[in-house]
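Quick notes on the structure that follows.
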Amino acid sequence: MQLEKKIAIGFAIVIVFAGLMVAVQFGGEGWLMENPPDKLTQVYKTGIKAVYEKPDFSYGPNHWRPFKEPLMINPPNGSSDDMWYLMFIKANVTPYGGNPYFQRRGSVLVNYSFENLAGTAAFHIIGFEGNDAKCRTNRQEGYGANGYFVRGTAQPGDSMPPTQPLKSPNNNPVLPAGLHVDEEKAGLYSYFLHFDPMSGGIDAVHITKDPKIIRGSVIETDDQYGEFYITHTGGSMLEEILIILAVNEAQPDDFKLKIGTSFVPEDN
């Protein structure tokens, strides 16, 4: 009899707990109905409007860009022997391609305008997950490859400003472009580029000309000004995006990049 009483109490506890969970679920769904995704807060939605010049290239020369193993920078038909100078631009806005009840879905629009670009400029992406230190980057080879490459018309410069080669493909601290601080303070403002050796890290962020073609493509152009989109298909929210800009020639002293970023909701 005592055993039967304990079993009955146990069943009662389970039923009450299940009822509470259902109430929480309905309550949450009700809140979401009153606060639809277009009212939810984007992690970063201010974007940037910035101008970068030759002294803002802080890294390189390198053959590769960061990942668990070296990734190519050059376009598919470019020379893998090219040495590239890099800057890492803080986008201050993030794309989102996950559950619309957690955050509004949408892409990041990037507008660019070059003045006096020599050689080729390559745009790539690094995303930072919000829940851990893992990074994500765009795929550049195989199915779903994407990237953005601009061919310049200016004559190369004689030299580049002092730059620091990336020491290894993985686990690099980098300062965002335009931020020049003392070496003692660099660690406070740096982003640590870590790709988990035991998981993916590639093919969650993409570059595309059309946000409806979410996985993008490889774009090569002579247009010195234009736009592209950064999209996201990963499960986790991104806390930040760094845009990699790499050039394979010494730039003239009057080189300039004007760049802007903004969040574009999926419905637009």
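Summary table below
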item	result
Accessible heavy-atom area order of K167, K258, K54, K134, highest first, probe of 1.4 Å	K167, K258, K134, K54
Residue-wise HN-Hα coupling along region 51-64, computed from phi with Karplus coefficients 6.51, -1.76, 1.60 (Hz; x: Gly, Pro)	10, 10, 10, 3, x, 7, 6, 10, 10, x, x, 9, 7, 10
At R0 = 35 Å, FRET efficiency that the Cβ-Cβ distance of E115 and E239 yields, to 0.05	0.65
For region 182-251: rounded, prolate or oblate by the Cα gyration tensor [a/c cutoff 1.5]	oblate
Heavy-atom surface of region 51-210, accessible at 1.4 Å and reported per residue (Å²)	45 Å²
Separation of the D222 and N171 label points, Cα + 7 Å toward Cβ, nm	4.6 nm
Overall form of region 113-161 per C-alpha gyration tensor (a/c, 1.5; a/b vs b/c)	prolate
Solvent-accessible area, 1.4 Å probe, carbon plus sulfur percent, for region 80-136	41 percent
Unsatisfied cross-links (Cα-Cα over 19 Å) in the set K54/K90; K68/K209; K54/K258; K49/K256; K90/K134	K68/K209
Solvent-accessible area, 1.4 Å probe, carbon plus sulfur percent, for region 172-248	52 percent
Distance in nm between pseudo-label sites at A50 and V264 (7 Å out along the Cβ direction from Cα)	2.1 nm
Kirkwood Rh (inverse of mean 1/r, distinct Cα pairs), region 66-162, angstrom	16.1 Å
Overall form of region 111-268 per C-alpha gyration tensor (a/c, 1.5; a/b vs b/c)	oblate
Alpha carbon centroid spacing (whole Å) that separates region 71-111 from region 50-67	14 Å
Region 196-241, dipole about Cα centre (Lys/Arg Cβ +1, Asp/Glu Cβ -1), debye to the nearest 20	240 debye
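The values are calculated or read from the model by the stated rules, or taken from the named source; none is laboratory data. If you're wondering where the values come from, they're calculated on a predicted model, not measured in any experiment. All Cβ positions, even for glycine, are placed from backbone atoms using ideal geometry, and neighbour counts span all protein chains on display. Remember, those area values only see protein heavy atoms, side chains included, never the ligands or the DNA or RNA. Shrake-Rupley method; radii C 1.70, N 1.55, O 1.52, S 1.80 Å.
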